[in-house]
1. Summarise the accessible area of region 273-412 (1.4 Å probe, protein heavy atoms) by the percent that is carbon and sulfur.
2. Per residue, how many Å² of accessible area does the chain show with a 1.4 Å probe?
3. Given H placed 1.01 Å from N in the peptide plane, which residues other than close sequence neighbours of Leu184 have an amide H under 5 Å from its amide H?
4. Given the chain, report the % of alpha carbon pairs whose separation exceeds 30 Å.
5. Taking only pairs that are 8 or more places apart or on different chains, how many Lys pairs in region 273-412 have Cα atoms under 26 angstrom apart?
6. Please give the Cα centre distance for region 194-234 versus region 142-187, rounded to the nearest Å.
7. Can you list the lysines whose alpha carbon sits under 19 Å from that of Lys441, skipping same-chain ones fewer than 8 residues off?
8. How about Lys17: which lysines have a C-alpha closer than 16 Å to its C-alpha, ignoring those fewer than 8 places off in the same chain?
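The values are calculated or read from the model by the stated rules, or taken from the named source; none is laboratory data. Since the structure is predicted, the reported quantities are computational estimates derived from the model, not experimental observations. SASA here: full protein model, heavy atoms, side chains in, ligands and nucleic acids out. Shrake-Rupley method; radii C 1.70, N 1.55, O 1.52, S 1.80 Å.
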Amino acid sequence: MTLEKMDAVEVFAAGEKGRGLRATKEMIAGEVVFAEPSFAAVVFDSLSQQVCHSCFRRQANLHRCAQCKFAHYCNRTCQRAAWEEHKQECAAIKNYGKVPNENIRLTARTLWRMQKDGGVVSDGQLTTLDLLEDHLSDMSPEDLKEVKMNVHNFLEFWPRGSRQVGVEYISHIFGVINCNGFTLSDQRGLQAVGVGLFPNLCLVNHDCWPNCTVILNHGKIELRALGKISEGEELTVSYVDFLNVSKDRRELLKQHYFFECLCKHCTEGIKDDLMTAVRETDGKKPSPELVKEVTDFSLHSLEKMEQARTEGNYNEVVRLCRECLEKQEPVLADTHLCLLRVLSTASEVLSYMQFFQEAAGCARRMVEGYTQLYHHHNAQLGMATMRAGVTHWHAGLIEIGHTMICKAYAILMITHGPYHPITKDLEAMRMQTEMELRLFKQNEYVYHSMREAALHNKDMGTVPEPLQKEIKEMLKSE
């Protein structure tokens with residue numbers, strides 16, 4: 001039997017949205033509303049050899065399971081920790097002779113967990129997978145066909161020695177995964193590496209401008225408050241990226257989660273005007289025909305950029321970005337989504353190619369646009385600001401770089417918390433850039449000489465002796 005409430009939250013009837021969670025006490029920005037381990041989780045098929053199947057860390061030289069030769073682990077400690085969940089999967093893979101897809105593996109792990117521990121696996125669990133919506137009746141014929149194929153393959157994979165499960169219930173679990181599976185990120189929060197089921201998180205409803213965010217931290221998801229939350233207020237997260245106009249967000253939500261979003265930002269189209277804004281010159285706007293032409297060109301260019309990026313042709317990506325930005329500049333405003341997407345691609349690829357000055361300019365404009373669109377405590381904004389800060393730092397623009405890193409740190413302290421690995425990395429960067437900024441302000445020439453030596457992997461012996469003494473004296477004064 002599940003609880004109806006725990007320390008900070010309770011289940012309530014949320015009208016047309018079904019059940020939801022609301023706060024039972026007032027909370028402040030950055031406060032952890034609740035933390036929850038996964039009911040079951042798996043690594044993506046495409047990353048099965050690069051990510052640990054226990055702690056979901058991405059790293060090189062993982063140890064392979066000697067039995068199934070599929071699962072990979074950081075070390076023996078991770079392998080032992082995962083064995084309880086992996087042993088049935090391991091035997092099933094050996095018997096089946098191949099590895100099924102991630103949804104089948106997650107369904108199998110979910111059912112093994114339920115057969116071993118029941119539907120409620122912790123004192124704080126507020127719902128069961130049986131009570132979650134599967135939306136099978138809402139799926140398109142193509143999606144239903146995929147579910148049926150997965151069920152067929154699952155039944156071939158499922159060991160005869162395990163307790164047998166009916167087709168209807170297996171289909172329900174696939175439906176639950178389809179609309180409730182939560183993407184897991186790596187240890188730095190930079191890449192999606194797997195998918196898992198978190199029953200309590202499934203009760204948190206959507207809002208395009210939510211009061212909470214979700215982050216994976218040390219193997220558990222944390223629901224964190226983005227600002228002050230009053231007692232009795234519904235807790236919400238965003239299921240989709242806010243950087244889409246309201247019409248597109250609603251279509252995405254309808255397609256993937258089977259509901260019509262009625263949040264204020266969708267019904268009133270808040271910030272749609274900024275996301276589609278055009279550039280005015282001497283009080284005149286470009287013609288609708290020109291705006292459409294540039295927008296269509298941008299969308300086509302973005303597709304070509306993605307293709308070139310996939311092929312590793314980064315020079316072509318840079319060429320396409322520069323060409324596209326040249327066409328966008330006189331027509332699209334700095335908050336237009338097409339311009340921001342090109343700036344994002346340009347800043348990442350230029351930085352990768354070590355064209356840091358140009359990358360910094362693109363990154364700065366991107367963050368300025370994001371700041372006008374995102375919630376000021378949005379995790380995406382924090383990550384983008386961090387990357388922009390690092391790019392400016394690498395470009396030798398220490399003042400702007402340090403300022404951006406400090407802003408990113410303030411955001412991630414709310415969205416990720418002080419103990420998340422990426423926040424700790426940011427804290428180290430903040431301290432390093434603060435020291436460098438002090439050195440820069442005391443003597444720019446000394447700072448740039450020191451930076452130049454570092455960039456070319458030279459030791460301090462290559463810096464003139466008088467400068468070595470001056471640097472040491474400055475560092476002592478810190």
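1. That fraction is 52 percent.
2. On a per-residue basis, 51 Å².
3. Those lying under 5 Å, H to H, from Leu184 are Val193, Gly194, Val195, Gly196.
4. Above the 30 Å cut-off, the chain has 56 percent of its Cα pairs.
5. So the count works out to 6.
6. 25 Å
7. Reachable lysines: Lys469, Lys472, Lys476.
8. Lys254, Lys264
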